[in-house]
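**Q** Have a look at the structure that comes next, please.
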Amino acid sequence: MIAVDPPARLDKAIARDVPAEAHLSRSRMARLLEEGRVTVDGRVAAARDRVDWGAQVEVRVPVAGDPETR
């Protein structure tokens, strides 16, 4: 979930709000956005999209060997 007072762009908001223990670099997050693996309130999102406080953001990180990664 996007925290209070989010930056104007989605890429900046997720860089700030994704937990550090997720171990996702900004460049990795950018690739996931480009690949359509980030959704906001159920819709595929782009880095430049605006995001509001409370938006439900889902980041799908592929796992090695997953058929979706081929």
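**Q** Any idea which of 31, 50 is without any contact (Cβ under 8 Å) to a residue 24 or more places away in the chain, more than 8 Å from the chain's Cα centre (by Cα) and surrounded by 11 or more Cβ atoms within 10 Å (Cβ to Cβ)?
**A** Criteria check complete, one pass: 31.
**Q** Take the residues of segment 15-24 that are open to solvent by 60 Å² or more (accessible area, probe 1.4 Å) and farther than 17 Å from residue 63 by Cβ: which is farthest from the chain's Cα centre (by Cα)?
**A** 20
**Q** Yes or no: residue 6 open to solvent by less than 60 Å² (accessible area, probe 1.4 Å) and either in contact with a Ser or Thr (Cβ under 9 Å, 6 or more places away or on another chain) or of a type in the set (Asp, Glu) (or both)?
**A** Considered against the rule, which asks whether it is open to solvent by less than 60 Å² (accessible area, probe 1.4 Å) and either in contact with a Ser or Thr (Cβ under 9 Å, 6 or more places away or on another chain) or of a type in the set (Asp, Glu) (or both), residue 6 comes out as no.
The values are calculated or read from the model by the stated rules, or taken from the named source; none is laboratory data. Not measured: the values here are computed from a predicted model. Cβ atoms come from the backbone with ideal geometry, glycine included; neighbour counts cover every protein chain shown. Accessible surface is based on the protein model in full, side chains and every heavy atom, while ligands, DNA and RNA are left aside. Shrake-Rupley method; radii C 1.70, N 1.55, O 1.52, S 1.80 Å.
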